[in-house]
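Please treat every number below as a calculation from the coordinates, not as lab data. This is a predicted model, so every value here is computed, not measured. Here the Cβ positions follow ideal geometry from the backbone for every residue, glycine too, while neighbour counts run over all protein chains shown.
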Amino acid sequence: MRSALCLFLPLLFCGPLVAEDGSDKPGVGMATAATRLAELLPAEQRNKLQYGFADPERLNWHFIPKDRNGVVLWDLSGEPRKAAEELVKSGLSAAGYAKTLQVRSLEEVLYLFEGGEEAYRRDRRHTHKYHLTIFGTPAATGTWGWRFEGHHLSLNFVIRDGIVISSTPEMMGANPALIDAGPGRQLRILGNREDLARSILKACNESQKQQMWISDKAPDDIRGAAAPQAVVDKAVGLRYADMSPDQQKMFRELLGEYLSVMPAQVVRDRMQAIEKAGMADVRMGWWGESEVNRRHHYVIQGQTFIIEYNNTQNDANHVHSIFRSLEGDFAVPTAQNDAK
């Protein structure tokens, strides 16, 4: 399994697949961090932080800029703020945590360039307008969950006996997708998710292109925003088995771009599920135009997962990307949607 992960995830360090704390149960570290945060908060904030595991709020997710339930980072300072960031870190790889900081940093760009009154813009756009919520009682045994969420970020976890049993929906976005300050001074936080996918399309021969390029019209957004389970149709596009070796290599790198934000245990479990279901029939479809800075959208779908990526808003400079489980987000088992 370790060699398989090294093959499929070239962006990851292929050392021992254990959490940063040395365990193979990142959920234990999450429980420690969540308990520490709750202990540091006054009663009023603790009540905002904690919900019952069965509360409907656990499925109430989104990624638009709006007020949310939970404790917001901008209300925390000192040790509570540090504890909150440690909880977020516990749910991600080092690369994943860095990516969340980059996503959050774009809120300052939007604050500076969007119109409206200053107070309105500041309330709407802030690197600390991100909420933490805990569901159930964090512990090394038993079942509980937590969420970190704000504009263009939604990270949702369920832990049972120290093992992360659900880590979806996992959403990251970027607006602007490209910040261009001149040669050598460009920032594209999710750029590899676009470039690798386009490279696979560009490498298609005519027969492959007919399979992969579904339409020259891109949908306006990803499907299922705020839906408790993924919205899916029958998988379409080019099969992994029908890709050339070079395309398969790029595809594995693209898959790694999504998986590598998670802790090693989550990466391993996702890959085990994908490999058990079979890589051969995983399909990739492309909608929209083929050139940069033009509206485009792609879907990667297997038996156990679906990835959607959309860059259509703001003249194709606004990315939404999501990884979801077809076995059931939020650890809620569900049958896959019937093909239409």
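Calculated from the alpha-carbon coordinates, the range 63-193 shows an Rg and a Dmax of 16.0, 52 Å respectively. A DSSP coil position with no more than 16 other Cβ atoms inside 10 Å describes the following trypsin sites (Lys or Arg not before Pro) in the range 51-93: LYS66. When both the range 144-174 and the range 217-254 are represented by their alpha-carbon centers, they are found 21 Å apart.
Using the empirical formula 2.2 N^0.38 Å as the baseline, the Cα radius of gyration of the range 216-255 reaches a ratio of 1.55. The per residue volume of the convex hull around the alpha-carbon atoms of the range 246-340 is 131 Å³. In a simple Cβ point-charge model (Lys, Arg +1; Asp, Glu -1; nothing else charged), the range 100-243 has a dipole of about 200 debye relative to its Cα centre. In this structure, the pairs whose alpha-carbon distance is over 29 Å, taken from LYS234/LYS276; LYS129/LYS217; LYS25/LYS82; LYS66/LYS276; LYS89/LYS209, are LYS129/LYS217; LYS66/LYS276; LYS89/LYS209. In this structure the amide hydrogen of GLN50, modeled in the peptide plane, comes within under 5 Å of the amide hydrogens of ILE134, none closer than 5 places in sequence on its chain. Take every pair of alpha-carbon atoms less than 8 Å apart whose residues are at least six positions apart; their mean separation over the length of the chain yields a relative contact order of 20 percent.
If you place +1 on the Cβ of every Lys and Arg, -1 on the Cβ of every Asp and Glu, and leave all else neutral, what size is the dipole of the chain about its Cα centre, to the nearest 20 Debye?
Working: 40 positive and 43 negative charges, 56 e Å.
Rounded to the nearest 20 debye, it is 260 debye.
Does anyone have the angle between helix 191-202 and the longest principal axis of the chain? Alpha-carbon axes, 0 to 90°, nearest 10? Roughly 20 degrees between the two axes.
Here's the picture: charge each Lys and Arg Cβ at +1 and each Asp and Glu Cβ at -1 in the chain, and of ALA331, TYR240, ASN310 the one pushed furthest to the positive end of that dipole is TYR240.
Between ASN192 and ARG46, the FRET efficiency from the beta-carbon distance, with R0 = 41 Å, is close to 0.55. The Cα-based radius of gyration and maximum Cα-Cα distance (Dmax) for the chain are 19.8, 63 Å.
Dipole magnitude for the range 187-331: about 160 debye, using +1 per Lys or Arg Cβ and -1 per Asp or Glu Cβ, origin at the Cα centre.
Across the options SER215, LEU112, TYR130, the greatest Cα extent toward the positive end of the charge dipole of the chain (unit charges at beta carbon of Lys, Arg, Asp, Glu) belongs to SER215. Note: relative contact order over the range 187-331, using C-alpha pairs below 8 Å and six or more positions apart, is 28 percent. Rounded to the nearest 10 degrees, the inclination of helix 264-277 to the longest alpha-carbon principal axis of the chain is 40 degrees. Projecting the Cα atoms of PRO42, MET171, TRP74 onto the dipole axis of the range 2-174, where Lys and Arg carry +1 and Asp and Glu carry -1 at the beta carbon, places MET171 farthest toward the positive end.
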